[in-house]
Amino acid sequence: MTRIVIIGGGPGGYEAALVAAQLGAEVTVIDRDGLGGASVLTDCVPSKTLIATAEVMTGFDASHEELGIAIDGADHPGERGRLIGVDLGKVNRRVKRLALAQSHDITASVTRAGVRVLRAHGKLERDQAPDGSRRVTVTDAEGTARELVADGVLICTGGHPREIPDALPDGERILNWTQVYDLKELPEELIVVGSGVTGAEFAGAYQALGSRVTLVSSRDRVLPGEDPDAAAVLEDVFRRRGMNVMARSRAAAVRRTEAGDRVEVTLTDGRTISGTHCLMAVGAVPNTEDMGLEEAGVTLRDSGHIWTDRVSRTSAPAVYAAGDCTGVLALASVAAMQGRIAMYHFLGHAVAPLDLKTVSANIFTDPEIATVGYTQADVDEGRIDARVVKLPLLRNARAKMQGIRDGFVKLFARPGTGIVVGGVVVAPRASELIHPIALAVDNNLTVEQVAKAFTVYPSLSGSIAEAARQLQARKHDEGS
């Protein structure tokens with residue numbers, strides 16, 4: 001029986017374990033914190049659970065007046081009623097409870113499949129045996145070490161929050177994204193440093209929950225790596241709802257005041273910002289240290305991420321890697337796919353290499369931003385020739401009924417063939433609306449095929465079909 005050792009129990013690890021067990025391998029998962037990894041315990045599941053509460057607040061706040069809903073206790077139009085508030089301690093207890101429950105469910109599923117789970121630290125040893133096997137040293141919390149022999153090893157150890165030397169989190173007033181769930185009370189004035197996906201999500205969520213939020217962005221706009229039209233919509237919404245968005249501002253240091261109940265953020269240009277709390281959201285660092293990787297022949301990039309090919313192989317024989325430690329795309333879905341691909345490939349089954357152009361992703365702000373396939377940057381920089389149509393949701397009947405003012409649907413299609421190669425949706429629940437576009441991209445559907453499919457009227461998804469019809473009409477005009 002083929003022996004598989006998986007170091008790390010996040011989505012890449014536990015999904016790979018399930019595949020390997022189904023294919024008849026003897027599988028051991030080594031994990032220190034609990035199955036599910038950061039995605040389940042400190043990142044995706046907790047943050048989206050927090051955001052779910054924020055969505056209720058935002059949706060009610062944004063639409064109650066337009067939809068004719070009267071709030072008892074509101075003294076002025078547009079003011080949040082005094083009877084509406086958030087018990088952050090209760091919210092965070094629910095967040096932690098759901099995260100642990102999800103981790104337990106994953107553990108039960110994996111163990112039912114016959115996988116052995118060890119709560120320990122794993123280290124890859126240098127030498128490969130003559131039969132091609134690898135050795136992994138397992139050290140438990142008490143410091144007891146033992147050795148496992150594996151025919152194949154999968155590394156999926158994830159990452160952890162990056163820290164700035166002069167802005168180290170203390171877990172009370174200066175926080176990283178793993179520490180916010182210990183807060184008992186809502187931050188009165190929250191400074192969020194970093195305007196990428198994590199920073200934008202938390203800034204929007206805490207603003208909706210009732211905090212006064214300042215978002216410090218070192219770039220010209222929020223979400224600098226995302227679709228520029230989508231980022232512009234979100235930044236406009238943030239500002240309109242009262243967020244202080246500071247563009248082209250980089251934090252140099254964060255410290256607590258002498259009284260201890262406030263923080264001061266010093267920017268590189270000498271300015272200072274004061275608040276009650278500061279959330280540092282300045283990226284992540286891969287968990288690849290103290291694992292013996294380079295000594296075992298595993299190539300690391302300058303960033304510390306593990307180099308892999310499209311079937312998850314590293315540079316070392318019989319060693320694969322998946323998830324955030326590879327730096328491919330920091331998405332649970334991508335990590336899981338990398339892990340599954342690794343096991344299918346190592347165990348001799350046919351498998352398609354990872355194709356990032358079919359990956360759908362979502363940013364859980366309000367409105368949400370969902371994307372799939374080629375991007376506006378790909379078109380603007382000449383990496384692909386595509387026609388683009390963008391339809392504001394203001395034209396959509398269902399959006400008007402629901403009081404939705406912000407957002408759009410954007411489709412990218414190849415000239416000539418009309419094949420859909422990408423899309424962007426900015427809307428409430430965009431994560432649900434992106435799926436038909438993802439199906440089109442994954443299956444090389446044309447705008448004609450998307451346009452002729454029936455949609456419900458009225459529905460937000462009707463804008464996807466309408467965008468396809470406009471691209472179809474443009475295609476016919478260009479051909480005539």
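Short version: ³J(HN,Hα) in whole Hz for each residue of the range 137-147, in order, from phi by Karplus 6.51 cos²θ - 1.76 cosθ + 1.60 (θ = phi - 60°), x for Gly and Pro, what are they?
8, 10, 10, 7, 5, 7, x, 6, 10, 8, 10
Please work out the FRET efficiency for the pair Arg395 and Leu439, using the Cβ-Cβ distance as r and a Förster radius of 22 Å; give the result to the nearest 0.05. All intermediate terms of the calculation are to be shown ahead of the outcome.
Working: r = 24 Å, r/R0 = 1.07.
Calculated value: 0.40.
Only residues of the range 342-360 count here: report those whose backbone N is under 13 Å from the spot 7 Å along Cα→Cβ of Leu23, or say none.
Only 342-353 pass the distance filter.
Return the distance in nm (one decimal) between the two label points of a simple spin-label model at Glu381 and Ala350, each offset 7 Å from Cα along Cα→Cβ.
3.5
Summarise the accessible area of the range 110-268 (1.4 Å probe, protein heavy atoms) by the percent that is carbon and sulfur.
Working: 3210 of 7380 Å².
Exposed carbon and sulfur together represent 44 percent of the surface.
Assuming a strict under-13 Å limit between Cα atoms, what lysine pair count do you get for the chain once near-sequence pairs (fewer than 8 apart, same chain) are dropped? Walk me through the intermediate numbers first.
On the way: Lys48/Lys96; Lys90/Lys184; Lys96/Lys184; Lys390/Lys410.
Lysine pairs, 8 or more places apart or on different chains, close enough: 4.
Which is farthest toward the positive dipole end of the range 254-335 among Ser333, Pro286, Ala321, measuring Cα position about the Cα centre, with Cβ charges +1 (Lys, Arg) and -1 (Asp, Glu)?
Most positive-ward Cα: Ser333.
Go through the range 465-473 residue by residue and turn each phi into a ³J(HN,Hα) via Karplus (6.51, -1.76, 1.60, θ = phi - 60°); whole Hz please, and just put x for glycine and proline.
For the range 465-473, the Karplus curve yields 5, 5, 4, 5, 5, 5, 5, 5, 5 Hz.
Give a residue-ordered list of calculated ³J(HN,Hα) values for the range 430-445 (Karplus: 6.51 cos²θ - 1.76 cosθ + 1.60, θ = phi - 60°; whole Hz; x for Gly, Pro).
4, 4, 8, 7, 6, 4, x, 6, 4, 4, 5, 5, 5, 10, 6, 6
Restricting the count to DSSP beta bridges whose residues both fall in the chain, what percent are antiparallel, rounded to a multiple of 5? It would help to have the intermediate numbers written out before the result.
Working: 48 of 78 bridges.
Roughly 60 percent of the beta bridges in the chain run antiparallel, per DSSP.
For Gly422, list long-range residues whose amide hydrogen, built 1.01 Å from N in the peptide plane, is under 5 Å from its own amide hydrogen.
Here the answer is Tyr374, Phe412, since their amide H atoms fall under 5 Å of that of Gly422.
State the extension gain, in nm to one decimal, for the chain segment bounded by Arg469 and Asp166, taking 0.36 nm per residue of separation less the distance between their alpha-carbons.
On the way: separation 303, 0.36 × 303 = 109.08 nm, distance 5.37 nm.
Result: 103.7 nm gained on full extension.
Rounded to the nearest 0.05, what FRET efficiency do Ala141 and Lys96 have when you use their Cβ-Cβ distance and R0 = 30 Å?
Working from the Cβ atoms, E equals 0.90.
What figure in square angstrom, to the nearest 10, would you give for the accessible area of Glu295 with a 1.4 Å probe?
Its heavy atoms expose roughly 100 Å² to the probe.
About the Cα centre, and with charges only on the beta carbon of Lys, Arg (+1) and Asp, Glu (-1), how big is the dipole of the range 176-316? Nearest 20 debye, please.
Working: 16 positive and 21 negative charges, 89 e Å.
With Lys and Arg at +1 and Asp and Glu at -1, about 420 debye.
Determine the per residue accessible area of the chain with all protein chains present and a 1.4 angstrom probe, expressed in square angstrom.
Working: 22230 Å² over 480 residues.
That works out to 46 Å² per residue.
Just to confirm the filter: which chymotrypsin sites (Phe, Trp or Tyr not before Pro) across the range 383-463 are DSSP coil and have at most 11 other Cβ within 10 angstrom of their Cβ?
Details: sites: Phe408, Phe412, Phe454; in loops: Phe454.
Those that pass, being in a loop and sparsely packed, are Phe454.
Let me see the pair-distance distribution of the chain: every alpha carbon pair, 10 Å bin width, integer percents in order.
The calculated distribution, bin by bin, is 4, 18, 25, 25, 19, 8, 1, 0.
Leaving out ligands, DNA and RNA, and with a 1.4 Å probe, what % of the accessible surface on the range 310-430 is carbon or sulfur? Present the calculation step by step, with values, prior to reporting the outcome.
Working: 2590 of 4870 Å².
Carbon and sulfur: 53 percent of the exposed surface of the range 310-430.
State, to one decimal in nm, how far the label point of Arg271 lies from the label point of Thr2, with both points 7 Å from Cα in the Cβ direction.
5.7
Could you check the simple spin-label distance between Arg219 and Asp236, using points 7 Å along Cα→Cβ, in nm with one decimal?
Spacing of the two 7 Å Cα→Cβ label points: 1.9 nm.
The values are calculated or read from the model by the stated rules, or taken from the named source; none is laboratory data. Values in this document were obtained by computation on a predicted structure and should not be read as measured data. Neighbour counts are summed over all protein chains in view; Cβ atoms, including those assigned to glycine, are modelled from backbone coordinates with ideal geometry. The area values use the complete protein model at the heavy-atom level, side chains included, leaving out ligands, DNA and RNA. Shrake-Rupley method; radii C 1.70, N 1.55, O 1.52, S 1.80 Å.
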